[in-house]
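Notes to accompany the following structure.
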Amino acid sequence: MILVTGATGNTGSALLRELHTRGAGPSRGLTRDAARTTFPGTAEAVEGDLTEPESLKPALHGVRSLFLVSRLGPDREIIEAARTAGVEHVVLVSSITVQTHPHLRPADENLAVELLLKESGMAWTILRPTQFASNAAMWAAPIRNREAVRAPYADTGLPTIHPADIASVARVALTEPGHQGRTYALTGPEQVTARQQVEAIAAAIGRDIPFEATSRREARAQMAAVFGEEAADAVLDVTGGDVNDELLRVRDTVSQVTGSRARPFRQWAAENADLFR
Ligand SMILES: NC(=O)c1ccc[n+]([C@@H]2O[C@H](COP(=O)([O-])OP(=O)(O)OC[C@H]3O[C@@H](n4cnc5c(N)ncnc54)[C@H](OP(=O)(O)O)[C@@H]3O)[C@@H](O)[C@H]2O)c1
């Protein structure tokens, strides 16, 4: 049995779909609200809250392989709950910032979870994806409202990754031999700037979208009001304010692991065009 956490999210939902289409055997998805959730094929929706590791017992029953999204609850206890339940292999979603921006708090927290998993005694595979293509969903409201998209670092190209590629790597790691004890830095197939992302969304919905490059100061004020100043600065650093070669590098890890070329941003935009209409 494979348990997928974050199962209603961008990556987890793609993983459950892929496990189903590949006939990978029994799987279940964790959600805080099973009543409003259906998953593809025979995958069952199981209720549990990562902030309350005790609540994960039913979801973990009989599970041998776990896809784990981190930093949503007390990861030490979550990993211990998995080990106690008999989980043998965990595929963890970490972040590329562990190696590109280790001085930032989110990166440090991700590294701490990686170490907890490595010390757990369970087999592990660590995925370190870069910025997700699905982060562009934050522009859905202004685009639907026919307002301009405003973004800082408008012409900094990042090797943004389609969440389905993270899912594909996870599916291979969960179901095929040779991926335990491996750490995979994952990127998309090319660098894409915020301006180019908006152009790709415009092409997908068939109309122009006005775009305005904005300052760090303006973006920081908006983000800090929601996430706090430290988190805002961390996001702004890793999306353009303090980039480095390691972050900008396009890697072929997705194709090495899955045998398929990583999906470009324009594919994510085409698949999710309805979000912006
Ligand atoms: N976005 C990026 O650029 C980026 C980069 C590197 C790493 N990451 C990491 O990648 C992971 C996956 O991201 P994603 O975009 O696929 O996820 P997402 O679309 O943001 O979805 C969040 C998921 O987490 C679940 N969740 C939230 N709080 C929960 C709780 N207390 N208990 C149980 N489940 C909970 C939600 O399930 P329900 O609402 O159904 O309960 C949902 O399935 C995240 O952990 C993120 O830190 C993201």
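The values are calculated or read from the model by the stated rules, or taken from the named source; none is laboratory data. None of the values given here were measured: they were computed from a predicted structure. Neighbour counts are summed over all protein chains in view; Cβ atoms, including those assigned to glycine, are modelled from backbone coordinates with ideal geometry. Just the protein is used for accessible areas: all its heavy atoms, side chains included, with ligands, DNA and RNA removed. Shrake-Rupley method; radii C 1.70, N 1.55, O 1.52, S 1.80 Å.
Side notes on the structure shown:
- Residue count for the stretch 38-69, restricted to those that are modelled with pLDDT under 95, under 21 Å from the mean Cα position of the chain (by Cα) and open to solvent by 40 Å² or more (accessible area, probe 1.4 Å): 1
- For the stretch 65-87, a residue qualifies if it is among the polar types (S, T, N, Q) and within 11 Å of the ligand (Cβ to nearest atom), and exactly one does: Ser70.
- Residue satisfying all of: in the stretch 140-156; in contact with a strand residue (DSSP E or B) (Cβ under 6 Å, 6 or more places away or on another chain) and in contact (Cβ under 8 Å) with a residue 40 or more places away in the chain; most open to solvent (accessible area, probe 1.4 Å) among these: Arg150
- For the stretch 35-56, the set of residues classified as of a type in the set (D, E, K, R) and within 12 Å of the ligand (Cβ to nearest atom) consists of Arg36, Glu47, Asp49, Glu52, listed by residue number.
- Selection status of Ile209, of a type in the set (Val, Ile, Thr) and more than 19 Å from the chain's Cα centre (by Cα): yes
- Counting only residues that are touching a residue at least 24 places away in the same chain (Cβ under 8 Å) and closer than 23 Å to Leu117 by Cα, the stretch 164-210 holds 20 of them.
Matching residues to (1) under 21 Å from the mean Cα position of the chain (by Cα); (2) modelled with pLDDT of 95 or more; (3) among the charged types (D, E, K, R); (4) part of a helix (DSSP H, G or I):
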position: Arg195; (1), (2), (3), (4): no, yes, yes, yes
position: Ala204; (1), (2), (3), (4): no, yes, no, yes
position: Ala234; (1), (2), (3), (4): yes, yes, no, yes
position: Val250; (1), (2), (3), (4): yes, yes, no, no
position: Val254; (1), (2), (3), (4): yes, yes, no, yes
position: Arg263; (1), (2), (3), (4): yes, yes, yes, no
position: Ala270; (1), (2), (3), (4): yes, yes, no, yes
position: Leu275; (1), (2), (3), (4): yes, yes, no, yes
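- For Ser95: the one exception among (1) more than 9 Å from the ligand (Cβ to nearest atom); (2) in a loop (DSSP other than H, G, I, E, B); (3) not β-branched (Val, Ile, Thr): (1)
- Test result for Thr31, at pLDDT below 95 and either under 26 Å from Glu271 (Cβ atoms) or more than 13 Å from the ligand (Cβ to nearest atom) (or both): no
- Within the stretch 163-182, at least one residue is at pLDDT 95 or above, in a loop (DSSP other than H, G, I, E, B) and at positive phi.
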